[in-house]
Amino acid sequence: MKINASALFVGGFLVLGLAATMWKISSSPETSEPPPLVVQVPQLSLQAKRGKKAFDNTCAQCHGKNASGTEQGPPLVHSIYNPGHHADESIRRAVKLGVRRHHWPFGDMPRQENVKPSEIEAIIVYIRELQVANGIITKPHVM
């Protein structure tokens, strides 16, 4: 059997293209866990320090030390959580009401009934200060 070199080349090109497409799909935030994250911690404001304490007591179990993520929850120091895509109100609602899985494959987040409103506000300040220190800025949400 004689193999046509150009057909082999085209077939190989198609296989590589399919593999690259599958890699892109499998590595998107919608379908895979984020890579390990090293978070730069800035000098925190007083309210952010209060937020860190509340975060460590309630959120860090799933969202990791300094919001870096774990196998149970995504990193909040990630561009997808920039204020233009996830405003402060979305964080308030997630804590108060819980939230269905929508960006990562971690499952639904249950509501956090034991977090006081003042703690939620401090947690938001903490998360936002971490984000800014790590280059995450407000970007308009584009669908």
Residue that is surrounded by the most Cβ atoms within 10 Å (Cβ to Cβ), among those in the stretch 101-138 that are more than 15 Å from the chain's Cα centre (by Cα), among the charged types (D, E, K, R) and over 19 Å from VAL39 (Cβ atoms): GLU119
Answer residue from the stretch 63-95, given it is assigned to a helix (DSSP H, G or I) and under 12 Å from the mean Cα position of the chain (by Cα) and is surrounded by the fewest Cβ atoms within 10 Å (Cβ to Cβ) among those: SER79
Every residue from the stretch 97-143 that is touching a Cys at 6+ places or on another chain (Cβ under 8 Å), assigned to a loop (DSSP other than H, G, I, E, B) and closer than 15 Å to ASN57 by Cβ: GLN112
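The numbers here are math on the coordinates, done by the rules we state, and not lab data. From a predicted model like this one, the values you see are computed outputs, not experimental measurements. With ideal geometry, Cβ positions are generated from the backbone for all residues, glycine too; neighbour counts draw on all protein chains shown.
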